[in-house]
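Q: Sending over a structure as structure tokens; questions will come in a sec.
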Amino acid sequence: MRICSNCALFGDHKGHDIRMEKEVVEEITLRTELLMQIYQLVTETSENRVDQNQVQLMANDFATKSNELKRQLKDKFTELKMILKIQEQIAETILKKNLQYIETEIAKMRRVPQRLFVDADEWSVAAKQKLDKFEENLDKPNFINYDMLETKDLSNGPDIVNFGETLISELEEHKEISASKT
């Protein structure tokens, strides 16, 4: 910006900025100070600038670590899945064994003839009658309970003692099935 003293003294001014010298000096001083401050800030900021090589190294390091963490995560879950699969197989084996055992026991219970329990009930009634008869006549010295002798004649049914022993052995065999059920 120029100061034109001629234009100011001799008439119309032709596009020149007319101001007092003091104002111009103050503006120059202010602008110079501002320029110095801006220069200082730019210089300080550029000193703190990020080295792009350093940024690239950090990005590469991050990518490497990120991939490593992803791989470790995948490997750990693969390991856990294998462990879980093994545990599942063990549980399935145990379950299969237990179910097979129960199925076998149910099959055994199905094979228990119902007539065995009917025979046992009928035998119990007959045995109770014989024992009651024996007890009733216990006080009679001349009474001989011939019903208690082994019967060779099967026309009146099997011998009560022999048949009872047979029932006991059959019931004992099936008692194990019932006991294991409970």
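Q: Which far-off residues, 5 or more places away or on another chain, put their amide H under 5 Å from the one on N137, with H placed in the peptide plane?
A: Placed amide hydrogens put nothing under 5 Å from N137.
Q: Modelled label-to-label distance, V50 and N67, 7 Å Cα→beta-carbon offset: nm?
A: Here the answer is 2.2 nm between the modelled labels.
Q: Here's another thing I want to ask about it. Restricting to lysines 8 or more places apart or on different chains, can you count the pairs in the range 41-166 with Cα atoms under 26 Å from each other?
A: Taking the range 41-166 as the scope, the lysine pair count is 18.
Q: Please report, in debye to the nearest 20, how large the charge dipole of the range 47-86 is about its Cα centre when each Lys and Arg carries +1 at its beta carbon and each Asp and Glu carries -1 there.
A: 420 debye
Taken together, the values in this text are just the output of simple stated rules run on the coordinates, not laboratory data. Since the model is a prediction, treat every value here as computed from it, not as a measurement. Here Cβ is always computed from backbone atoms with ideal geometry, including for glycine, and neighbour counts include all displayed protein chains.
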